[in-house]
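Novice: I have a structure here, written as structure tokens, and I will follow up with some questions on it.
The values are calculated or read from the model by the stated rules, or taken from the named source; none is laboratory data. Model, not experiment: these values are computed from the prediction. Cβ coordinates were reconstructed from backbone atoms using ideal geometry, including for glycine residues, and neighbour counts include every protein chain displayed. All accessible areas refer to the heavy atoms of the entire protein, side chains included, with ligands and DNA or RNA removed. Shrake-Rupley method; radii C 1.70, N 1.55, O 1.52, S 1.80 Å.
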Amino acid sequence: MSMDEKVDLDPERKQEILDLEQKLGNNNLFEFLGVSNGASAEDVRTAFRELSRKFHPDRYFGKQLGSFKVRLDKIFKKLVEANQTLTDDVRRAAYLEANPFVRAAIRNAGAAQAPPIAAAPKTEDEKQHDEERRARLARHPYLLKTNKLQEFVSRAKDAIAKKEFSQAFTHLNQASQADPNNVEVKNLLAEVRKQNDIQRSEGSFKHGVEALARGDDNLALQAFKSAANGGHVLGAFKAASMLDAANGDPREIKTLAQKAVDGEPKNVEYRLLLARSLEAAGMKAMAKKHFEEAARLEPDNPEVKKHVKKRWPF
Amino acid sequence: MAEREPVIGIDLGTTNSVVATLQGAAPAVIKSRSGSTLTPSIVALTKTGKTLVGEIAKRQAVTNPESTVYSAKRLIGRKFSAKQTQQAVKNLSYRVETGDHDDIRIRLGDKTLSLPEVSAMVLRELKLDAEAFFGKPVRKAVITVPAYFNDGQRQATKDAGRIAGLEVLRILNEPTAAALAYGFGKNVNGKIAVFDLGGGTFDISVLEVGSGVFDVIATGGDTYLGGEDFDGRVIDWLAADFQKEHSIDLKADRMALQRLKQAAEKAKIELSTARETQLNLPFICTPAGGGGALHLQKTLTREKLEELCADLVARTVTICEQVFAEARVKTIDLKEMILVGGMTRMPRVQDAVKEYFRRDPCRGVHPDEVVALGAAVQADALTNEESDVVLLDVTPQSLGVAIAGGYVRTLIQKNTTVPTSFTEVFNTSRDNQTTVKIMVLQGESDLAHKNELLGEFILTGLRQAKRGEVEVDVTFEINSEGIVSVSARDRETGQQQSIQVTASGGLTEDELKRILDEQADLMLEAKVEEEVKTKQTELKALMKEVTELMPQLTEATRGDEFGQDALRKANKALEVARPAAERGDLVKVTESIDTLTRTISLFKGVLQRIGR
């Protein structure tokens, strides 16, 4: 089988390539990129860059790849296509137009995150009022649209104030269907997405701490990892340290530690972990750079001293 | 770990070239054997038939204008009939001719050379500099080209590398290279722009950089906008004034033109620091009707230079505006702005850039060296497993095919990340049609003839069927180097269709092969010559030994018939060996070596028997 083919790739990477190759036929470009349905252009581009680290053919320049060369080429071209399509407004619209099932998936994604809000029971007066209004609006499609939009936006704002981001997301999605070009809606959507990520990652982090207290290391690690994915800096560090303590894959530790360092570039502890993992992963030059940076940040730190000394005995 | 093979990055410039490599954790320029960092991209053939490259070629340019080739990069990969070629030829002091398929040839003595061959001479010089630096052969290199170079220009540059005996790992865009050098080893996160105004070309690129990923968002430029055009304005100004005064066209005189060119370039450079400068060209020409030689003496102020070149500077800004609009990036969102190329030293250019970008450019980037440094970084990234650098570059121009009515159908949009491909279905339009012709174009115009024709591809050997029944998938592919390839497959039978390429301005595969063979012959000749020299030395040593043994033997064998015979034979052998040792014919030299070796062993045998 393909997994047994003798090529210059580690089994893990082989598996990743085969997995993504399976998805080549999938016409949902969001899913192919591994982002949520309806993800913003910014998120798409970020995902594309991350995937490029693994699947850009240049990463394997001059290596013996056998049948994996063709697979990689195909995957990267599809990644380029997905990125190109979903980051360009015109092309994205055309793509969604041509693929109703993706549109449906986006709607479902919005709906799944928040069940529709049960309307409060209304008084007779209110009902009458509504009736009148509805009749009036029906005669005036422009107003209808604007009002609907305003209503969704104000509901969304309420939800944001209550930190119920997934609900806010649903409202905004509906608002954006009423008027796809509304700037306020777009900005709010971006904000909500960001806040939602933060909230979720904080939640994950808390789960992680709880799991750790219970002694369930496995669950804690998973929780910290998903917190790290949402951009939680301490979560990334915790996950990296746990893996480090368990002699995990240095490259995975490296990626997590890098996230922690990116979040807090001045934290020596984070940086030392990154440097150690780089060293373990065989990237000596990069490791050296980070040890030096740590030494610059905190020359008196005992671990820094140890490492710098170990490496440069002069 | 085995020591890694040395790899280099080369910035093959219009006026100057630079070679660099990664040393430890940082890229560094490799100095030439004469100690300079820049090597002029100039090649010359002297009256005595010697080929000169670099500084030494530049120094003799004025006295040898017809056989000194400069600015080859402005012609490489272009067609002879192209408007820009014809324009450029007017200001060149060497002779440009047309080749067999509308390609450009340069007359150098009794030979005509293709542009890749000329550029190969510069590359070979840089390769030798690198080999002197490493103390061992260097084979692998990344070579940079302007981002706005089209397919033909990239191909031709790659050919030049092959002719120079280099394995070209990658053709890399210059502004991207500059960004790589800038961001390498730093934790840069954010959008940056590279403004590259070099000797012949202008490029502007917008990138987003983050944790080792260099993602080019958009790029644009003009391959005919650079320092040479600024020089051209000064030359025209000087020549027009002279014409008014003396009714003599200095540009028609090749030597005068070469002097004007050097003076204009020097004045332009001086005006980057001084407010005004003197141009003194004594004895610039002798009037045809007799009389004393004429001199040219002018003062050029910075204001005048800026006035002469105002539209050139304005053009760079217009292109920037276009690219930023396409990238949908605002200049205020930029984290950094990098200036590359010698022309960015001109104050007017710096002011225009500051005004447009509303910020000061990045300090600490060497405008002449940064591109080569970036090329070295990429060379390392491609060959070093530890490297964390990923480059997402784009294709600078749209790729399309000509359709009915003289229009273009775009298949791959410009600023698409490469490598990429696009498959298009072509149908036959007649019954039993066996060939389909596809014209592949590069450019942004809707009209076919306003774009660059990359080539005509003819699909041959289609199966015979009713019209429209044969459907052929034609896949257009742009690789990481921005080089285009086309392949075709019959949809129904799955059979690969053969493709014939015509009307391409570059070297054909046959021509390239011939040049490479010639190179191999030259190498072989050099090798044989070396062997002959060693054998000649060996022969001479043997002759000396025999001559020295002679008196001893004469003394020892006096009156002995046997000894006399040996002496006679030895004298004869020496007589044959003498001319052979001088003339250096490999066969005769080898023969003489054999005879003399035998003579010596005979002598020694005789001496032993006599008991000495």
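Novice: Residue under question is residue B:119, and the condition is that it be over 24 Å from residue B:219 (Cα atoms), polar (S, T, N, Q) and modelled with pLDDT of 95 or more; does it hold? Break it down stepwise before answering.
Specialist: On the way: over 24 Å from residue B:219 (Cα atoms): yes; polar (S, T, N, Q): yes; modelled with pLDDT of 95 or more: yes.
Answer is yes for this residue.
Novice: Can you find a residue that is assigned to a helix (DSSP H, G or I), within 10 Å of chain B (Cβ to nearest Cβ) and surrounded by 14 or more Cβ atoms within 10 Å (Cβ to Cβ) anywhere in the range A:17-38?
Specialist: Within the range A:17-38 (the criterion being assigned to a helix (DSSP H, G or I), within 10 Å of chain B (Cβ to nearest Cβ) and surrounded by 14 or more Cβ atoms within 10 Å (Cβ to Cβ)), the answer is no, since none of the residues qualifies.
Novice: With respect to the numbered conditions (1) of a type in the set (A, V, I, L, M); (2) away from chain B (no Cβ under 14 Å); (3) out of contact with any helix residue (DSSP H, G or I) (no Cβ under 6 Å at 6 or more places or on another chain), which one is the sole condition not fulfilled by residue A:283?
Specialist: (2)
Novice: Could you run through the range B:259-303 and say how many residues are of a type in the set (A, V, I, L, M, F, W, C), under 17 Å from residue B:63 (Cβ atoms) and open to solvent by less than 50 Å² (accessible area, probe 1.4 Å)? Walk me through how you get there before you give the answer.
Specialist: Filtering the range B:259-303 for residues of a type in the set (A, V, I, L, M, F, W, C) gives B:260, B:263-264, B:267, B:269, B:271, B:274, B:279, B:281, B:283-285, B:288, B:293-294, B:296, B:300.
Those still in the list that are under 17 Å from residue B:63 (Cβ atoms) too: B:260, B:263, B:281, B:283-285, B:293.
Right, trim to open to solvent by less than 50 Å² (accessible area, probe 1.4 Å) and you get B:260, B:263, B:281, B:284-285, B:293.
So the answer is 6.
Novice: Checking the structure you have, find out if any residue of the range B:515-522 is at pLDDT below 80, open to solvent by 100 Å² or more (accessible area, probe 1.4 Å) and in contact with a Gly (Cβ under 9 Å, 6 or more places away or on another chain).
Specialist: No: the range B:515-522 contains no residue that is at pLDDT below 80, open to solvent by 100 Å² or more (accessible area, probe 1.4 Å) and in contact with a Gly (Cβ under 9 Å, 6 or more places away or on another chain).
Novice: Scan A:161, A:156 and give me the residue that is aliphatic (A, V, I, L, M), at pLDDT 75 or above and open to solvent by less than 30 Å² (accessible area, probe 1.4 Å).
Specialist: A:156
Novice: For the range B:76-171, which helices (runs of 4 or more DSSP H) that fit wholly inside it have 3 or more residues that are touching a residue at least 60 places away in the same chain (Cβ under 8 Å) and among the polar types (S, T, N, Q)?
Specialist: On the way: elements: B:83-90, B:115-134, B:151-163.
Filter on the range B:76-171 gives B:151-163.
Novice: Failed condition for residue B:387, given (1) open to solvent by less than 60 Å² (accessible area, probe 1.4 Å); (2) on the phi < 0 side of the Ramachandran plot; (3) in contact (Cβ under 8 Å) with a residue 12 or more places away in the chain, with all others met?
Specialist: (3)
Novice: Can you list residue pairs whose Cβ atoms sit under 9 Å apart, with the first residue in the range A:229-254 being without any contact (Cβ under 8 Å) to a residue 60 or more places away in the chain and the second being polar (S, T, N, Q) and in a loop (DSSP other than H, G, I, E, B)? Count only pairs 6 or more apart in sequence or on different chains.
Specialist: Qualifying pairs under 9 Å: A:233/A:267; A:237/A:267.
Novice: Condition test on residue A:45, is it under 30 Å from residue A:170 (Cα atoms), modelled with pLDDT of 90 or more, touching a strand residue (DSSP E or B) at 6+ places or on another chain (Cβ under 6 Å) and of a type outside the set (Asp, Glu)?
Specialist: On the way: under 30 Å from residue A:170 (Cα atoms): yes; modelled with pLDDT of 90 or more: yes; touching a strand residue (DSSP E or B) at 6+ places or on another chain (Cβ under 6 Å): no; of a type outside the set (Asp, Glu): yes.
Considered against the rule, which asks whether it is under 30 Å from residue A:170 (Cα atoms), modelled with pLDDT of 90 or more, touching a strand residue (DSSP E or B) at 6+ places or on another chain (Cβ under 6 Å) and of a type outside the set (Asp, Glu), residue A:45 comes out as no.
Novice: Additional query: Filter the range B:162-181 down to the residues that are within 14 Å of chain A (Cβ to nearest Cβ) and either over 12 Å from residue B:375 (Cβ atoms) or of a type in the set (A, V, I, L, M, F, W, C) (or both) and list them by number.
Specialist: B:167, B:168, B:169, B:171, B:172, B:180 - these are the residues of the range B:162-181 that are within 14 Å of chain A (Cβ to nearest Cβ) and either over 12 Å from residue B:375 (Cβ atoms) or of a type in the set (A, V, I, L, M, F, W, C) (or both).
Novice: Tell me which residues, restricted to the range A:47-88, are more than 7 Å from chain B (Cβ to nearest Cβ) and not in a helix (DSSP H, G or I).
Specialist: Result: A:63, A:64, A:65, A:66, A:88.
Novice: Out of (1) within 14 Å of chain A (Cβ to nearest Cβ); (2) open to solvent by less than 30 Å² (accessible area, probe 1.4 Å), what's the single condition that is false for residue B:443?
Specialist: All conditions are met except number (1).
Novice: Of the numbered conditions (1) open to solvent by less than 70 Å² (accessible area, probe 1.4 Å); (2) part of a helix (DSSP H, G or I); (3) at pLDDT 90 or above, residue A:106 satisfies every one except a single condition; which is it?
Specialist: Unmet condition: (3).
Novice: Going through the range B:374-394 one residue at a time, which ones are hydrophobic (A, V, I, L, M, F, W, C) and farther than 26 Å from residue B:333 by Cα? Break it down into steps so the answer makes sense when it comes.
Specialist: Let us first name the residues in the range B:374-394 that are hydrophobic (A, V, I, L, M, F, W, C), namely B:375-377, B:379, B:381-382, B:389-392, B:394.
Once the filter is applied, which keeps residues that are hydrophobic (A, V, I, L, M, F, W, C) and farther than 26 Å from residue B:333 by Cα, the range B:374-394 yields B:375, B:376, B:377, B:379, B:381, B:382.
Condition check ((1) within 14 Å of chain A (Cβ to nearest Cβ); (2) open to solvent by 10 Å² or more (accessible area, probe 1.4 Å); (3) over 30 Å from the mean Cα position of the chain (by Cα)) across all residues:
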site: B:316; (1), (2), (3): no, no, no
site: B:329; (1), (2), (3): yes, yes, yes
site: B:351; (1), (2), (3): no, yes, yes
site: B:372; (1), (2), (3): no, no, no
site: B:378; (1), (2), (3): yes, no, no
site: B:383; (1), (2), (3): yes, yes, no
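Novice: Still on this model: Looking at the range A:226-273 only, could you name the residues that are open to solvent by less than 50 Å² (accessible area, probe 1.4 Å) and of a type in the set (D, E, K, R)?
Specialist: Restricting attention to the range A:226-273, the residues satisfying the condition of being open to solvent by less than 50 Å² (accessible area, probe 1.4 Å) are A:227-228, A:230, A:232-233, A:235-237, A:239-243, A:248-250, A:253-254, A:256-258, A:260-261, A:263, A:267-268, A:270-273.
Correct list: A:249, A:254, A:271.
Novice: Let me ask something additional. Within the range B:390-411, take every residue that is among the β-branched types (Val, Ile, Thr) and crowded, with 22+ Cβ neighbours inside 10 Å and give me the one that is farthest from the other protein chains (Cβ to nearest Cβ).
Specialist: First, pick out the residues of the range B:390-411 that are among the β-branched types (Val, Ile, Thr): B:390, B:394-395, B:401, B:403, B:408, B:410.
Okay, now just the ones that are also crowded, with 22+ Cβ neighbours inside 10 Å, so B:394-395, B:408.
Details: B:394: 10, B:395: 11, B:408: 19 Å.
The extreme case among them is B:408.
Novice: Just give me the residues in the range B:48-86 being under 16 Å from residue B:228 (Cα atoms) and of a type in the set (Phe, Trp, Tyr), in sequence order.
Specialist: Answer for the range B:48-86, where residues must be under 16 Å from residue B:228 (Cα atoms) and of a type in the set (Phe, Trp, Tyr): just B:70.
Novice: Sticking with this one: Only one of (1) touching a Ser or Thr at 6+ places or on another chain (Cβ under 6 Å); (2) more than 17 Å from residue B:256 (Cα to Cα) is not met by residue B:82, so which one is it?
Specialist: Only one criterion in (1) touching a Ser or Thr at 6+ places or on another chain (Cβ under 6 Å); (2) more than 17 Å from residue B:256 (Cα to Cα) is unmet by residue B:82, namely (1).
Novice: Another question, then. If you go through the range B:24-63 one residue at a time, how many are surrounded by fewer than 22 Cβ atoms within 10 Å (Cβ to Cβ) and within 14 Å of chain A (Cβ to nearest Cβ)?
Specialist: 3
Novice: Something else now. Among the numbered criteria (1) touching a Pro at 6+ places or on another chain (Cβ under 7 Å); (2) assigned by TED's automatic domain parsing to the domain that holds residue B:322, which single criterion is violated by residue B:248?
Specialist: Status for residue B:248: all satisfied but (2).
Novice: Would you mind finding the one in B:567, B:596, B:607 that is hydrophobic (A, V, I, L, M, F, W, C) and under 60 Å from the mean Cα position of the chain (by Cα)?
Specialist: Just one listed residue meets the conditions, B:596.
Novice: Can I ask one more? I need the full set of residues from the range B:219-266 which are assigned to a helix (DSSP H, G or I) and either among the polar types (S, T, N, Q) or more than 24 Å from residue B:72 (Cβ to Cβ) (or both), in order please. I'd like the intermediate steps shown before the answer.
Specialist: Step one: filter the range B:219-266 for residues assigned to a helix (DSSP H, G or I), giving B:227-246, B:250-252, B:254-266.
Hits for the range B:219-266 are B:237, B:238, B:240, B:241, B:242, B:243, B:244, B:245, B:246, B:258, B:262.
Novice: In this structure, is residue B:234 touching a helix residue (DSSP H, G or I) at 6+ places or on another chain (Cβ under 8 Å), assigned by TED's automatic domain parsing to the domain that holds residue B:255 and at negative phi? Step through it out loud before you land on a result.
Specialist: Values: touching a helix residue (DSSP H, G or I) at 6+ places or on another chain (Cβ under 8 Å): yes; assigned by TED's automatic domain parsing to the domain that holds residue B:255: yes; at negative phi: yes.
Against the criterion (touching a helix residue (DSSP H, G or I) at 6+ places or on another chain (Cβ under 8 Å), assigned by TED's automatic domain parsing to the domain that holds residue B:255 and at negative phi), residue B:234 qualifies.
Every residue, every condition in (1) outside any helix (DSSP H, G or I); (2) in contact with a Cys (Cβ under 9 Å, 6 or more places away or on another chain); (3) within 14 Å of chain B (Cβ to nearest Cβ), yes or no:
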site: A:223; (1), (2), (3): no, no, no
site: A:237; (1), (2), (3): no, no, no
site: A:248; (1), (2), (3): yes, no, no
site: A:275; (1), (2), (3): no, no, yes
site: A:279; (1), (2), (3): no, no, yes
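Novice: Which ones in the range B:182-208 are within 14 Å of another protein chain (Cβ to nearest Cβ) and either part of a loop (DSSP other than H, G, I, E, B) or open to solvent by 10 Å² or more (accessible area, probe 1.4 Å) (or both)?
Specialist: Initially, the range B:182-208 is screened for residues within 14 Å of another protein chain (Cβ to nearest Cβ), giving B:183-191, B:206-208.
Listed by number, the residues that qualify are B:184, B:185, B:186, B:187, B:188, B:189, B:190, B:191, B:208.
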